[in-house]
Amino acid sequence: MNSRRSASAATAANTFSPRGSVILYAVAAVIALIGLADAIYLSVQALTGETLVCGGSPDCFRVLGSSYARLGGIPIALFGALAYFTVFSFATFAAFGYNRARNLFSLTVGLMFAVTLWLLAVQALILHAFCRFCLLSAAVTFLLAGLVVARPRPS
Amino acid sequence: MKRYLPFVIVTLVALLSITGGAVLYHAKRLPEPSAPKQVSLREGTEGGHIRGPADAPVTLEEFGDYECPPCGSLAAPLNQLEHDYRPRLRMTFRNFPLNNHPHARDAACAAEAAGLQGRFWEMHDLLYKEQSTWSRAADARVLFSAYAGTLGLDLARFERDRDSDKVKGRIADDEKRASALGVKTTPSIFINDQPIPSAALHPSALRATVDAAIKPAVTP
């Protein structure tokens, strides 16, 4: 692993601006942590049946209480938490020079971007209600996607 | 050391996430309403609004908040339950307006004021049906007056009654009873004195519980 890391770091040094990359992936890791916190909160809310009490707005209840909020009986937020943790891990490894982590980071964020678009469409077109915690998660994914687009390219 | 750093960071975040999630889960897990033995659910039932025969073998008592979305989504299934199990089931509704719902108390007053004109259940059903409209309104009281008009109530009396001490007293009585039973949230439901866990507060589980309560009750 160490030799792979060294080789990757060496490749990275040849093709990217190392300082810029480190900053970009460090920022991505911090943003992913925000998404992770949001997804954990939503997961706990779903698992405790918090939507059964009136802590949220009616819109949140409509979204989080809908059938779209679960996949095979599992709260979709739990998958979100896993996805954000994966993105955080890849961003961290990428910041430390692992080239393969950079590709996996981009791939995961791309997938999350697609799922986010679907979930936004469900809220807007089917449920006609927006959950603010879901919107925060969407904003985080968009930011991450923005970082993927803005990341340094091979010269 | 540096080569281990990403592993250490990722592991730490994983541990923190799991611990944080577990702590949050523990903190947010809803306390189930408890029915202390010294408080009989039959005591003070005259304070609540009852639907169904007085001698029904099964009593379902609900503590509800008109602005609470889960209460709203349970309203129609509960009505259906009462209809399906009549005359073996009677339902009692009690007000438990939560402080974090700005219009909940006004809605409870509106229902009680309608009750003084013999139209409590009609207003109860209408408030839940229209919940998404009035809960977003800046001045929900105007809408409640409109609903009273729709139900054919004496509007002047309705508007007088909803601010009256009598109506406020009825809500206070319900809250006193909720407090005695350990009710903390809505909806809270008791079936034959037994608190229903929050996880079972959905139509199919409630139907199964009522079913189970009715069977031994009607067996000679």
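No value in this document is a laboratory result; all are computed from the given coordinates. Every value quoted in this text rests on a predicted model; they were computed, and no experiment measured them. Note: ideal-geometry Cβ built from the backbone for every residue, glycine included; neighbour counts use all protein chains shown.
Other protein chain C-beta atoms within 10 Å of residue C-beta, averaged over A:121-127: 0. For B:S188, the amide hydrogen comes within under 5 Å of the amide hydrogens of B:F63, counting only partners 5 or more places away or on other chains and with H modelled in the peptide plane.
The listed peptides B:195-203, B:182-190, ordered by packing as a protection proxy, come out as B:182-190, B:195-203 (highest mean of other Cβ atoms within 10 Å first). Ranking B:A54, B:T185, B:A156 by how far each Cα lies toward the positive end of the dipole of chain B (charges on Cβ) leaves B:T185 at the top.
3J(HN,Hα) along segment A:26-42, derived from phi through the Karplus expression 6.51 cos²θ - 1.76 cosθ + 1.60 where θ = phi - 60°, amounts to 5, 4, 4, 5, 5, 4, 4, 5, 5, x, 5, 4, 4, 5, 5, 4, 5 Hz, with x in place of Gly and Pro. The magnitude of the dipole of segment B:123-185, with charges of +1 and -1 set on the Cβ of Lys/Arg and Asp/Glu and taken from the Cα centre, is near 180 debye.
Of B:K176/B:K215; B:K129/B:K184; B:K129/B:K215, which sit over 28 Å apart, Cα to Cα? Before the final figure, lay out each step's value.
Working: B:K176/B:K215 32 Å; B:K129/B:K184 24 Å; B:K129/B:K215 32 Å.
Table pairs above 28 Å Cα-Cα are B:K176/B:K215; B:K129/B:K215.
Cysteines in chain B that lack a partner Cβ within the 4.7 Å cut-off: B:C109. Fully extending the segment from A:A26 to A:A139 would add 38.9 nm, taking 0.36 nm per residue of separation and subtracting the current Cα-Cα distance.
Averaged over B:177-185, how many beta carbons belonging to a partner chain fall within 10 Å of each residue's beta carbon? Counting Cβ atoms of other protein chains within 10 Å of each residue's Cβ and averaging gives 1. FRET efficiency for B:K2 and B:L155, Cβ-Cβ distance as r, R0 = 51 Å, nearest 0.05? Given R0 = 51 Å and the Cβ-Cβ separation, E is 0.10.
Per residue of A:86-98, what is the mean number of Cβ atoms on other protein chains within 10 angstrom of that residue's Cβ?
Details: counts 0, 0, 5, 7, 1, 2, 7, 4, 1, 3, 6, 3, 1.
Counting Cβ atoms of other protein chains within 10 Å of each residue's Cβ and averaging gives 3.
With Cα atoms defining each centre, segment B:65-140 and segment B:154-220 are spaced 11 Å apart in the structure. At an R0 of 51 angstrom, the distance between the Cβ atoms of A:L107 and B:A200 translates into a FRET efficiency of 0.75.
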